[in-house]
Amino acid sequence: MRLTTHTDYALRTLMYLATIGKRATAAQVAQLYGVSGNHMAKVVNQLARHGFVRSLRGIGGGIELARDPRDICLGEVIEVFEGNLHLLACVATDQVCSIESFCKLKGALAEAERVQLDYLNSVTLADVAPTRKQLTLLPAPSL
């Protein structure tokens, strides 16, 4: 599995919010990681739509985690952002291959997917969030 940039930014945004434990803006997150503010705004919008963050408008607004970091599993975030995680189409759909009736590959790939997702669902945002000290040691973003 290879994650999209969108999913990468979503995970990094959640990690940052889990670390700072307070409200931030999408622009602050984008600046920290040196990524496009427009792209980050799209990621944040999707995070809010799926209930991972709360988005507050106006003065003092921004984004904050909507759930405790211990209650957000990496697998859940990845599934929401990536959608179909199947290694091949045949894993999720029948009658897409002429050798399906005797193919053992489908079962092996289905098991690999299950193991991977089980693991990702066992790891929470709290498990992967950096410390505040680690964030402060990051070099200043280039503008």
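Read-outs throughout are calculated quantities, based only on the coordinates presented, and are distinct from any laboratory measurement. Every value quoted in this text rests on a predicted model; they were computed, and no experiment measured them. Note that we place each Cβ from the backbone using ideal geometry, even for glycine, and neighbour counts take in every protein chain shown.
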Could you check the simple spin-label distance between Val123 and Arg54, using points 7 Å along Cα→Cβ, in nm with one decimal? 2.9 nm
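Just order 58-70, 23-35 by mean Cβ neighbour count inside 10 Å, highest at the front, would you? Please report the intermediate quantities before stating the final value.
Working: 58-70: 13.8, 23-35: 17.3.
The peptides rank, most packed first, as 23-35, 58-70.
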Theoretical FRET efficiency, 1/(1+(r/R0)^6), r = Cβ-Cβ of Gln28 and Asn84, R0 41 Å, to 0.05: 0.80
Between [x] 2, 9, 17, 19, 16, 12, 8, 6, 5, 3, 2, 0, 0; [y] 2, 10, 19, 21, 21, 15, 9, 4, 1, 0; [z] 2, 8, 11, 15, 17, 16, 12, 8, 6, 3, 2, 1, 0, which matches P(r) over Cα pairs in 5 Å bins from 0, in percent calculated for the structure shown? [x]
Give the angle, between 0 and 90 degrees and rounded to the nearest 10, that separates the Cα long axis of helix 37-49 from the longest principal axis of the Cα atoms of the chain. 70 degrees
In nm, to one decimal, how far is the modelled label at Leu109 from the one at Asp71, with both set 7 Å along Cα→Cβ? 3.7 nm
Students often forget the sequence filter, so: which lysines lie under 28 Å Cα-Cα from Lys22 once same-chain residues fewer than 8 apart are removed? Lys42, Lys133
If one computes the Cα centroid of the range 92-138 and of the range 20-49, what distance in Å separates the two points? 25 Å
